[in-house]
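Below: one structure, written as structure tokens.
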Amino acid sequence: MDYQSQNIEEIVKKVLAGMIGDAAADSASSVPAAKVSTGKNNGGIPDKAHVAILVEPEKFVVKEFPMPAVGDDDILVRVEGCGVCGTDAHEFKRDPFGLIPVALGHEGTGEIVKMGKNVQKDSAGKSLAVGDKVVTCMIFKDNPDITMFDLNKQNVGGADVYGLLPDDDIHLNGWFADYILVRGGSTIFNVSDLDLDSRILIEPCAVLIHAVERAKTTGILRFNSRVVVQGCGPIGLICIAVLRTMGIENIVAVDGNAQRLAFAKEMGAGASVNFKDTNGIEDLTNHVKDAFGGYFADFAFQCTGSPAAHSNIYKFIRNGGGLCELGFFINGGDATINPHFDICAKEITTVGSWVYTLRDYATTFDFLKRSQAIGLPMKKLITHKFPLNEINKALEVNLKQEGLKIAIVN
Ligand SMILES: [Zn+2]
């Protein structure tokens with residue numbers, strides 16, 4: 001019996017080693033940095049890892065580190081890809097979080113290549129094994145209001161996250177790398193049933209799942225509500241997609257970029273309004289109303305970081321309507337509103353939305369499957385893919401706002 005199971009383990013190891021070896025060979029052509037790997041040890045895992053370290057503003061250097069030991073509660077993951085977030089772009093540009101030297105990248109996904117003996121299940125209770133595809137959420141030490149997945153009383157707030165940690169002796173702390181060491185106490189999800197592009201989109205999609213959950217608490221957002229989505233960057237576009245999967249199809253997209261508005265319609269907005277084609281807030285409001293066939297919106301999602309856009313959006317909403325503000329991930333300054341006209345007289349219900357809960361993370365996996373099933377062009381959100389050694393270029397493209405979601409793919 002023992003002999004047999006050992007044998008099977010050997011075979012599995014060999015097969016896995018072959019698979020990992022092939023994958024490494026495939027990616028070596030696009031990621032020259034990975035070629036530096038030489039010796040291999042346990043099950044095809046190289047003895048060196050490569051991590052893009054931001055060493056000064058606007059400068060990543062792909063550094064080589066020894067592959068760390070995997071502790072009893074740790075998981076070693078071979079990185080397949082990672083989205084570039086606005087947060088990465090801010091840190092790249094000016095180091096506002098004071099983290100340099102830092103391994104960035106928090107929208108990552110990859111395959112488990114080794115796990116400690118105590119690791120059995122993911123944060124939702126699903127089993128974990130070598131070969132499974134995973135994403136991490138946040139790292140929690142001792143906040144039961146967040147870590148109790150079934151109750152999940154609180155969003156993840158300012159918890160630690162891989163890709164925004166101070167550098168340490170292990171160095172494998174961010175997803176802009178070829179390997180990452182997920183340490184005990186981190187949340188991790190088995191997402192083997194999602195393809196790579198979907199997995200790269202999980203984190204930004206979770207932001208919208210949460211925003212829509214917040215919107216639903218108002219009781220105003222219903223099946224077939226009239227909804228304005230203002231701002232058609234990745235966040236606004238994903239917002240439209242989430243609404244579509246909920247049976248809301250009466251959506252008007254507002255933005256100043258014709259190309260993004262065209263994509264919003266492809267994603268399922270029934271109509272779009274380019275504010276650059278309008279003359280002042282009254283004219284813009286009339287355009288929005290016309291787009292709904294002469295009605296104001298029941299509900300609005302504010303997905304830009306512009307205070308002026310926040311001021312404007314109240315005008316689009318009907319009496320008794322609702323608003324979800326989720327655009328301000330960073331402080332964009334104060335917005336002017338008229339409490340008499342905008343809030344009291346209209347009896348508008350407003351909610352704010354900030355990141356997500358762990359439950360939203362799990363809901364996101366189902367959203368991604370459903371969006372695919374109803375044919376939404378989610379994958380077109382990833383407009384650029386760069387290998388790890390071109391990470392500086394990837395961040396520059398992101399800063400120029402040339403595409404939508406930029407991804408590093410190994
Ligand atoms: Zn992010």
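Read-outs: derived from the displayed coordinates by stated rules, not from any lab. The model shown is predicted, which means the values in this text are computed figures rather than measured ones. Methodologically, a virtual Cβ is constructed for each residue, glycine included, from the backbone with ideal geometry; neighbour enumeration extends over all protein chains shown.
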* Could you pull out the pairs from Lys265/Lys289; Lys379/Lys400; Lys59/Lys369 whose alpha carbons sit more than 25 Å apart here? => Lys59/Lys369
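If we count every other residue with Cβ under 13 angstrom of Gly83's Cβ, Lys/Arg +1 and Asp/Glu -1, where does the sum land? Please report the intermediate quantities before stating the final value.
Values: positive: Arg199, Lys379, Lys385, Lys405; negative: Glu80, Asp88, Glu107, Asp197, Glu203.
Computed value for this residue: -1.
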* Give the peptides 145-153, 75-83 in descending order of average Cβ contacts within 10 Å, highest first. => 75-83, 145-153
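What does the highest-first list of 51-57, 377-383 look like by mean Cβ count within 10 Å? Provide the component values of the computation, followed by the final result.
Numbers: 51-57: 19.4, 377-383: 17.4.
Per-residue mean Cβ counts within 10 Å order the peptides as 51-57, 377-383.
How much length is gained if the chain between Lys393 and Lys117 is pulled fully straight, taking 0.36 nm per residue apart and subtracting their Cα-Cα distance, in nm to one decimal?
Details: separation 276, 0.36 × 276 = 99.36 nm, distance 3.95 nm.
95.4 nm is the gain from fully extending Lys393 to Lys117.
Averaging sequence separations of C-alpha pairs under 8 Å and six or more residues apart, then dividing by the length of the chain, give the relative contact order as a whole percent. Don't skip to the answer; put the middle values down first.
Details: 866 pairs, mean separation 68.9, N = 410.
Averaging sequence separation for qualifying contacts and normalising by length gives 17 percent for the chain.
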* Starting from the Cα gyration tensor of the stretch 205-352, take the square roots of the eigenvalues, sort them a ≥ b ≥ c, and report rounded, prolate or oblate (rounded when a/c is under 1.5, otherwise prolate if a/b is larger than b/c, else oblate). => rounded
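Just from its helices, what would the mean residue ellipticity at 222 nm be for the chain, if runs of 4 or more DSSP H residues each count -39500 (n - 2.57) and the sum is divided by every residue, rounded to the nearest 500 deg cm²/dmol? If you can, show how the numbers build up before the last one.
Details: 11 runs with 128 residues, N = 410.
Value at 222 nm, helices only: -9500 deg cm²/dmol.
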* List the residues whose amide H sits under 5 Å from the amide H of Thr278, counting only those 5 or more places along or on another chain, with H placed 1.01 Å from N in the peptide plane. => none
* To do: Could you list, in their original order, any pairs among Lys63/Lys385; Lys153/Lys380; Lys93/Lys153; Lys315/Lys380 whose Cα atoms are separated by more than 27 Å?
  => Lys153/Lys380; Lys93/Lys153; Lys315/Lys380
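How high is the relative contact order of the stretch 205-352, in percent, counting Cα pairs under 8 Å that sit 6 or more residues apart? Could you put the intermediate results ahead of the total?
On the way: 291 pairs, mean separation 34.8, N = 148.
Once normalised by length, the contact order is 24 percent.
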